[in-house]
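For reference, the structure discussed in these notes is given below.
The values are calculated or read from the model by the stated rules, or taken from the named source; none is laboratory data. Since the structure is predicted, the reported quantities are computational estimates derived from the model, not experimental observations. No Cβ is skipped: glycine too gets one built from the backbone with ideal geometry, and neighbour counts run over all protein chains shown.
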Amino acid sequence: MESEFGEAYAHTLARELVMSGLGERTAVQALAGHEDARTVWWAVCDAMDVPAERRWGRDDQRRRVR
C-alpha cells in the first residue's frame with residue numbers, strides 16, 4: 001500500500017477505509033481477522049480505483065512493456 005499511496009496515506013487508509021469487499025471492515029480489521037493479504041489488497045484496489053496495471057506493484061515484471 002505504501003508504494004501506491006505513500007507511507008502516511010497508506011496507513012490512514014488501512015485504519016479508516018471501511019470496504020464492503022471485506023465485509024464492512026478496514027484493511028487492519030480484515031488482516032487481524034486472518035483475511036488473506038492479497039484479498040485485502042485487491043479490495044483496497046477496487047475501493048480506490050487503482051488501475052489494473054498497478055495492482056501487481058510498481059516493479060512487477062508482468063506490467064513492463066517490452
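Of everything in segment 14-30, what is over 19 Å from ALA52 (Cβ atoms), surrounded by 15 or more Cβ atoms within 10 Å (Cβ to Cβ) and touching a residue at least 12 places away in the same chain (Cβ under 8 Å)? Give them in sequence order.
Passing the criteria: ALA14, LEU17, LEU22, THR26, ALA27, VAL28, ALA30.
With the chain as the region, which helices (runs of 4 or more DSSP H) entirely inside it contain at least 3 residues that are modelled with pLDDT of 95 or more and of a type outside the set (Ser, Thr, Tyr)? Quick ask: steps written out before the conclusion?
On the way: elements: 2-5, 7-16, 27-32, 37-48.
Where helices (runs of 4 or more DSSP H) fall fully within the chain and carry at least 3 residues being modelled with pLDDT of 95 or more and of a type outside the set (Ser, Thr, Tyr), they are 7-16, 27-32, 37-48.
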